[in-house]
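First the structure, in the form of structure tokens, and then the observations on it.
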Amino acid sequence: MRDYAKVAPQFWTGPTGKKFRDMGRDVQTVAFYLITCPSANMIGLYYLPLPTLCHEIGISLQGASKALQSLSEAHFAYYDEHTEVVWVLEMARFQIAAELDPKDKRVIGIARELLQFKKSKFFREFYNKYQHSFCLT
């Protein structure tokens, strides 16, 4: 569990936040949960059993699944029900930086976090998206 998370106030008033609000309270709540939950990490790729999400925010399984589907369609986060892994696409950029120097110690931390999900269907997509920004080899 990380000690803190960066959450911009624009989450509520920016274009993405307004879109989530228009999609319904469950979508907005699940999106906020995905970036602040105890299981989350700095890269936004982590294990999250659906029953945990449901319990911690007080939502039904059906409601959670529907909200996750909406977040997927909005290209905010993807969820793999088979492996119970979630990927919040832009979380690494917002939690870490847009770009890192190769000597930055966070590069090692990112690689270590990512390697835990080598068998995830999101591994390659994450790598392709962030390999240059985070100096991943």
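The values are calculated or read from the model by the stated rules, or taken from the named source; none is laboratory data. Bear in mind the structure is a predicted one, so any value in this text is a computation, not a measurement. FYI the Cβ positions are ideal-geometry reconstructions off the backbone, even for glycines, and counts take in every protein chain you see. Protein only, heavy atoms only, side chains kept; ligands, DNA and RNA dropped before computing areas. Shrake-Rupley method; radii C 1.70, N 1.55, O 1.52, S 1.80 Å.
State all residues of the stretch 15-32 that are open to solvent by 20 Å² or more (accessible area, probe 1.4 Å) and in a helix (DSSP H, G or I); if no residue qualifies, say none. Across the stretch 15-32, the qualifying residues are 15, 16, 18, 19, 21, 22, 23, 25, 26, 28, 29, 32.
In the stretch 108-135, the residue that is farthest from the chain's Cα centre (by Cα) out of those that are aliphatic (A, V, I, L, M) and either open to solvent by 20 Å² or more (accessible area, probe 1.4 Å) or closer than 27 Å to residue 54 by Cα (or both) is 108.
Conditions (1) crowded, with 20+ Cβ neighbours inside 10 Å; (2) over 19 Å from residue 116 (Cα atoms); (3) under 10 Å from the mean Cα position of the chain (by Cα), marked per residue:
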residue: 43; (1), (2), (3): yes, no, yes
residue: 56; (1), (2), (3): no, yes, no
residue: 67; (1), (2), (3): yes, yes, no
residue: 73; (1), (2), (3): no, yes, no
residue: 77; (1), (2), (3): yes, no, yes
residue: 92; (1), (2), (3): yes, no, yes
